[in-house]
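Below is one structure, written out as C-alpha cells, with a few remarks after it.
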Amino acid sequence: MDILKFTLSGKQAMFKKPDVNSVHYYTYGHIHKPALTGLFGAVLGYAGYSQMDKSQPYPEYYQKLESIQVSILPNADKGYFAKKIVSFNNSVGYASREQGGNLIVKEQWLEEPSWDICVLLDCEEAKKLAEYVTERKCVYIPYLGKNDHAADITHAAIVEGHKKEQASSLDCLFPKQKAQIDFDADLFGGVENPFKYEEALPIGLNEHTNQYILEKFVFTNMTLTQTEGTVWDVDGKQAVFY
C-alpha cells in the first residue's frame, strides 16, 4: 500500500482545549486528527466553518476528509514537547467590558513541535492530498491550531507500507485500547529511559454539536502486547492508522 509521509513542524503550536478557565487557554499536547483534517482542508482549499450552510452537519473540509486514515508519529523527547504561557493584549476595543476595552489573553503554546504524518492512499481524497503535498501546492496557508503558528511541511514522499499482524512496539500515537503495555517485561523489554505519554485527544466531531469526540491516546517506547488491528511498517517505523 502506498503511503504519503511528511514532516509537519513549526516554531509554536496551539491546539486549544474547549475546557478553559477565565485565566488561561490550554493546548492539547499533540496535534490530533480533527486539527490535521483542517490542515488538509486548507491545503486543498475546501470551505470551513464560516462557509457552512445550516443544512450541513459539518463544514465541507470535514465531510470530504474525515474518512482519511492517518497516523501521527511524534518527534518528541520522551513523548512531550515543551510548553510555555504567552500573554498578549487584545485591544480591538470590544474584547473586554473593562475600561478601555483591553483584554489580556494568556495562552499555552507548544514549543518547536514536530511530527511525522502518514496518510494511507486508499481513496481519491487521500491521493489528491498526496499530489498537493508532494508538489508543494496549497490553496490556503496551513497552520498549527491558530493562524499565528505557520506550519512547515517538509520531506514529503510516497513510500510503501507493509502490513504486520503484531508488533512489540509502536512509534505513533495510538488509541489506548489498541495495545497493552507489558509492564512485566524484563526492564521494559530492555528499553533505556522508558516513557509513556497519555492524553484524551479529539478523534472526530459530533454530528449535532460539532464538538470534539475524545478518546484516550498513548505514545510510549515500552514493550507492547495484544496489539489490535493492522500494524504498518513505514520506513522502518511501526504505525497504526485511524
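Computed from the coordinates by the stated procedures, all read-outs in this text should not be read as laboratory data. None of the values given here were measured: they were computed from a predicted structure. Ideal geometry is used to build each Cβ from the backbone, glycine not excepted, and the neighbour counts take in all protein chains shown.
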Tilt relative to the chain, helix 33-44 - C-alpha long axis, 0 to 90 degrees, to 10: 70
Extended-chain gain in nm, criterion 0.36 nm per residue less alpha-carbon gap, residue 198 and residue 17: 63.6 nm
Per-residue Cβ neighbour rank within 10 angstrom, fewest leading, 191, 23: 23, 191
Modelled label reach - residue 106, point 7 Å along Cα→Cβ, the stretch 4-36 residues with backbone N closer than 17 Å: 17, 19-27
Theoretical gain in end-to-end length, residue 134 to residue 160 [0.36 nm per residue, Cα-Cα removed]: 7.9 nm
Local electrostatic count, residue 228, Cβ distance below 15 Å [Lys/Arg +1, Asp/Glu -1]: +2
Cross-link partners of residue 127 among aspartates and glutamates (Cα-Cα below 15 Å; sequence separation of 8 or more within a chain): 2, 66, 135, 160
The stretch 163-242: GluC sites (Glu not before Pro) falling in loop per DSSP and having at most 14 other Cβ within 10 Å: 165, 192, 207, 228
C-alpha long axis of helix 124-134 to longest principal axis of the chain, angle in °: 80
DSSP-assigned coil residues among chymotrypsin sites (Phe, Trp or Tyr not before Pro) in the stretch 132-193, each with at most 13 further Cβ atoms within 10 Å: 183
Label-point separation, residue 191 to residue 176 (7 Å along Cα→Cβ), nm: 1.7
Net charge, residue 24 excluded, C-beta distance under 12 Å - Lys, Arg +1, Asp, Glu -1: +3
Neighbour cut-off at most 15 other Cβ (10 Å), DSSP loop, trypsin sites (Lys or Arg not before Pro), the stretch 1-93: 11, 54
From the coordinates shown, P(r) over Cα pairs in 10 Å bins from 0, in percent corresponds to which of (i) 8, 30, 29, 18, 12, 4, 0; (ii) 8, 33, 36, 19, 4, 0, 0; (iii) 7, 28, 35, 21, 7, 2, 0: (iii)
